[in-house]
Amino acid sequence: MSLKANDLRGFVKKVFEIDSYKSKIGNDAETVVVSFTVEQQEPAEDLENFLEMGYPFVLDADVSPGETDDGVYQVFVELERGRHISDQIVEMLDGVSKITGIDNFRFRWFKGFKSKEATLENLKEVIPASKNDYEISSERTQLENFSNFFKNSYSDSITVLDESITFRRIWADPLKFNIINSGPKQEVYESIPGPFMLENQHIAETLYLTKQIGNYNITKIGNTFIFENSGWAVALERIK
């Protein structure tokens, strides 16, 4: 099937991931994995074929074997890590934007909490272009990775989709939050306006989240919950 303009409109999410998943064909420090989130299997397979057949620098493309907990599919694209990696991703996005109608793609690196606009400048600033840079960057940003931050969570699964994060336990309803901010603890607290919520009902809320998500220090400011871990913090707003 030859895809035409806007054939995949409405199926592909605007936030994609870089270096969030392990390479199937090589070493993570030497191979960049770009992953797109797609609704429905057939559009995911169409995107996989488009990327694998249309770009000679793509080493491999694949679709996740089944739906994720959020009912979507992942399309994984593997590229060689090197000084041209950001330019190659921009070239791919130019083609994907034509078939999806998305012209404001954003990306998340290394399972980070917050996404960034997918400009060439931002990509070059964030994506390690060598094996040595990858090892240094991934070690330095361990707690910016939501899987590492919530490594000791009680949740059976944690997923991030666009700008939201969902915690799931087998016998409980999922807890879903908008991601407001993340970073050094003091910076996050300073970025959240509003009063500290210390009434009994708010204390009960934080205790409930501690029991459901994990033994984190949780503070509520206005409608925002701030989770702390080793000097790092993430601010989340509950989605009812």
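Summary table
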quantity: Residues that are assigned to a loop (DSSP other than H, G, I, E, B) and touching a strand residue (DSSP E or B) at 6+ places or on another chain (Cβ under 8 Å), drawn from the range 9-31; calculated: F11, K13, K14, D19, S20, Y21, K22, S23, K24, I25, G26, E30
quantity: Per-region count, the range 109-165, residues β-branched (V, I, T) and under 19 Å from R238 (Cα atoms); calculated: 4
quantity: Residue match in the range 161-181 (condition: out of contact with any strand residue (DSSP E or B) (no Cβ under 7 Å at 6 or more places or on another chain) and of a type in the set (S, T, N, Q)); calculated: no
quantity: Test: residue in the range 184-199 that is of a type in the set (A, V, I, L, M), in the same structural domain as Y216 (by TED's automatic domain parsing) and assigned to a helix (DSSP H, G or I); calculated: yes
quantity: Entirely in the range 32-126, the helices (runs of 4 or more DSSP H) that have 3 or more residues that are closer than 17 Å to D19 by Cβ; calculated: 85-100, 120-126
quantity: Selection status of K151, charged (D, E, K, R), out of contact with any Gly (no Cβ under 8 Å at 6 or more places or on another chain) and not assigned by TED's automatic domain parsing to the domain that holds E39; calculated: yes
quantity: Search result, residues across the range 149-180 that are outside any strand (DSSP E or B) and under 25 Å from Y73 (Cβ atoms); calculated: F150, S153, S155, D156, D162, E163, R169, I170, D173, P174
quantity: Test for F50: is it among the hydrophobic types (A, V, I, L, M, F, W, C), touching a residue at least 24 places away in the same chain (Cβ under 8 Å), closer than 22 Å to T159 by Cα and not assigned by TED's automatic domain parsing to the domain that holds F167; calculated: no
quantity: Selection within the range 42-60 - more than 21 Å from V72 (Cβ to Cβ) and within 23 Å of the chain's Cα centre (by Cα); calculated: V58, L59
quantity: Qualifying positions in the range 14-27 - buried (at least 17 other Cβ atoms within 10 Å of the Cβ) and either under 21 Å from N122 (Cβ atoms) or in contact with a Pro (Cβ under 8 Å, 6 or more places away or on another chain) (or both); calculated: K14, V15, F16, E17, I18, D19, S20
quantity: Selection within the range 127-147 - part of a helix (DSSP H, G or I), among the hydrophobic types (A, V, I, L, M, F, W, C) and over 14 Å from the mean Cα position of the chain (by Cα); calculated: I136
quantity: Within the range 74-94, tally of residues that are more than 18 Å from F105 (Cβ to Cβ) and either surrounded by fewer than 17 Cβ atoms within 10 Å (Cβ to Cβ) or in contact with a Pro (Cβ under 8 Å, 6 or more places away or on another chain) (or both); calculated: 5
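The values are calculated or read from the model by the stated rules, or taken from the named source; none is laboratory data. Quick caveat: nothing in here was measured; it's all calculated off a predicted structure. Ideal geometry is used to build each Cβ from the backbone, glycine not excepted, and the neighbour counts take in all protein chains shown.
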